[in-house]
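Undergrad: This is the structure, below, for whatever I ask next.
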Amino acid sequence: QVQLVESGGGLVQAGGSLRLSCAASGRIFSINAIAWYRQAPGKQREWVTTITRGGTTNYAESVKGRFTISRDNAKETVYLQMNSLKREDTAVYYCRAHIVSGVYWGQGTQVTVSS
């Protein structure tokens, strides 16, 4: 079992920044990768970025150059630094842990970008 808790969402003006956190607990050693996804109102959940156990990162084209995923192993936390936010970044952001036997999701945190 892996538990994930997201935090750091909120309301921000376009052009601003936010940092989301995803705190993991449980069978941390079994996690191969952690990803961030987001779901805007009326849209399907979409992948945003991933960081692997080895530290490899990948980003969706829509956020490349603006968002940065990182981790603090001592705190068992993954971060999503979001800069130059746009209205279209408004969504509920979820972190997902991938292990051999499946995936675990957090409860999500709302990010709202105003113009």
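The values are calculated or read from the model by the stated rules, or taken from the named source; none is laboratory data. Note that the structure is predicted; figures quoted are calculated from it, not measured. A quick note on method: Cβ atoms are made from the backbone with ideal geometry, for glycine too, and the neighbour counts reach across all protein chains shown. The protein model used for the area step is the full one, side chains on, heavy atoms only, and it has no ligands, DNA or RNA in it. Shrake-Rupley method; radii C 1.70, N 1.55, O 1.52, S 1.80 Å.
Undergrad: Right, Tyr79: part of a strand (DSSP E or B), closer than 13 Å to Val111 by Cβ and open to solvent by 20 Å² or more (accessible area, probe 1.4 Å) or not?
TA: Against the criterion (part of a strand (DSSP E or B), closer than 13 Å to Val111 by Cβ and open to solvent by 20 Å² or more (accessible area, probe 1.4 Å)), Tyr79 does not qualify.
Undergrad: Out of Ser21, Ser84, Ser25, Ser62, I need the residue that is touching an Asp or Glu at 6+ places or on another chain (Cβ under 9 Å) and part of a loop (DSSP other than H, G, I, E, B). Which one?
TA: Details: Ser21 fails: part of a loop (DSSP other than H, G, I, E, B); Ser84 fails: touching an Asp or Glu at 6+ places or on another chain (Cβ under 9 Å); Ser25 fails: part of a loop (DSSP other than H, G, I, E, B).
Ser62 is the lone residue from the list that is touching an Asp or Glu at 6+ places or on another chain (Cβ under 9 Å) and part of a loop (DSSP other than H, G, I, E, B).
Undergrad: On to the next question. Could you go through segment 48-62 and let me know if any residue there is open to solvent by less than 80 Å² (accessible area, probe 1.4 Å), closer than 16 Å to Thr112 by Cβ, over 11 Å from the mean Cα position of the chain (by Cα) and at pLDDT 95 or above.
TA: no
Undergrad: For segment 28-45, does any single residue satisfy the condition of being surrounded by fewer than 20 Cβ atoms within 10 Å (Cβ to Cβ), more than 20 Å from Glu61 (Cβ to Cβ) and in contact with a Lys or Arg (Cβ under 7 Å, 6 or more places away or on another chain)?
TA: Yes, segment 28-45 contains a residue that is surrounded by fewer than 20 Cβ atoms within 10 Å (Cβ to Cβ), more than 20 Å from Glu61 (Cβ to Cβ) and in contact with a Lys or Arg (Cβ under 7 Å, 6 or more places away or on another chain).
Undergrad: Say whether the condition of being on the phi < 0 side of the Ramachandran plot, open to solvent by 60 Å² or more (accessible area, probe 1.4 Å) and of a type outside the set (A, V, I, L, M) is met by at least one residue in segment 9-16.
TA: yes
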